[in-house]
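Everything on this sheet refers to the single structure shown next.
The values are calculated or read from the model by the stated rules, or taken from the named source; none is laboratory data. What you see is a predicted model, and the numbers here were worked out from it, not measured in a lab. Heads up, the Cβs are rebuilt from the backbone with ideal geometry, glycines too, and the neighbour counts pull from every protein chain shown. What goes into the accessible areas is simple: the full protein's heavy atoms, side chains included, and nothing from ligands, DNA or RNA. Shrake-Rupley method; radii C 1.70, N 1.55, O 1.52, S 1.80 Å.
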Amino acid sequence: MDRFIRFGLVVGVAGGALLALGSGLALVTAGGQPLSVQTTTTAFVLASALRLLGAVGMVLGITGLVALCSERGGRFLMTAYALAIGGLALNIGWIWCDLFISDTVAKLAPAVLDSATSQGTRLDTGALLAWIANATLLVLAAAVARTRTVRRSSWLTLAAAGAITLVPLPFDGPVYEVLIGVLFALAALLALTGSSVRTAVEPRAAASQVV
């Protein structure tokens with residue numbers, strides 16, 4: 001269990017960093033171009049690939065964090081875990097479309113990508129749901145906090161990653177993803193390096209040695 005938890009948290013740190021890196025790359029290479037133009041560039045493909053790897057890494061990071069807290073967690077923690085994974089699933093699907101489908105849409109229906117014809121459609125609804133789903137990290141942070149397993153700075157940082165999408169900022173979407181990635185990576189790192197992690201894991205290791 002010790003190895004599984006540490007693996008999940010380490011991958012979570014890397015996942016958050018990759019999400020931030022990919023979103024940052026998309027931001028600096030956009031050049032004010034319409035999305036239908038951006039999707040045909042190599043930079044967009046690379047950025048989307050990094051974002052996808054990052055989001056998958058965050059799934060493993062959340063799993064490692066919940067595994068760490070599971071002995072002191074209850075239904076609330078399990079529910080929060082399901083919500084957080086579901087929220088990431090929505091965003092992974094969106095990023096997968098950015099990577100593998102967007103260039104085809106750009107060639108056949110560029111107005112869809114540029115948000116000129118998708119308002120009021122299921123695509124518009126899906127984008128809104130994926131965006132709101134980021135807030136599930138806030139619920140997860142509250143559930144983790146109740147277990148008192150990780151240091152306060154870890155779950156507070158995780159809460160900030162979930163709450164950031166609810167705060168209106170004068171920036172575009174990629175900036176939010178950069179912030180979420182950085183905050184998530186920091187939250188996983190704090191959980192990984194905190195003394196509370198060793199305290200929670202050592203009894204399990206001792207028990208396995210006795211057996």
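Give me the pairs, please: first residue somewhere in the stretch 61-79 and in contact (Cβ under 8 Å) with a residue 12 or more places away in the chain, second residue anywhere and surrounded by fewer than 21 Cβ atoms within 10 Å (Cβ to Cβ) and not in a helix (DSSP H, G or I), beta-carbon distance under 8 Å, and either six or more positions apart or on two chains.
Filtered contacts from the stretch 61-79: V66/G73; A67/M1; R72/R148.
Specify the residue that is nearest to the chain's Cα centre (by Cα); the eligible residues are those in the stretch 17-33 that are of a type in the set (S, T, N, Q) and in a helix (DSSP H, G or I).
By that ranking, first place goes to S23.
Can you say whether I95 is open to solvent by less than 70 Å² (accessible area, probe 1.4 Å), touching a helix residue (DSSP H, G or I) at 6+ places or on another chain (Cβ under 6 Å) and in contact (Cβ under 8 Å) with a residue 24 or more places away in the chain, as far as the supplied structure shows?
yes
Output the residue which, of all residues in the stretch 136-155 that are surrounded by fewer than 18 Cβ atoms within 10 Å (Cβ to Cβ) and in contact (Cβ under 8 Å) with a residue 24 or more places away in the chain, is nearest to A84 (Cα to Cα).
The selected residue is A142.
Sort out for me the helices (runs of 4 or more DSSP H) sitting completely within the stretch 34-120 that have 3 or more residues that are at pLDDT below 95 and of a type in the set (A, V, I, L, M).
The helices (runs of 4 or more DSSP H) meeting that bar are 102-108, 110-113.
Look at G126 and say whether it is under 26 Å from G15 (Cα atoms) and open to solvent by less than 80 Å² (accessible area, probe 1.4 Å).
Yes.
Has the stretch 30-42 got at least one residue that is within 22 Å of A185 (Cβ to Cβ) and open to solvent by less than 70 Å² (accessible area, probe 1.4 Å)?
no
Please state which of the following conditions L21 fails to meet, knowing it meets all the rest: (1) surrounded by fewer than 17 Cβ atoms within 10 Å (Cβ to Cβ); (2) closer than 21 Å to A187 by Cα; (3) not charged (D, E, K, R).
For L21, the exception is condition (1).
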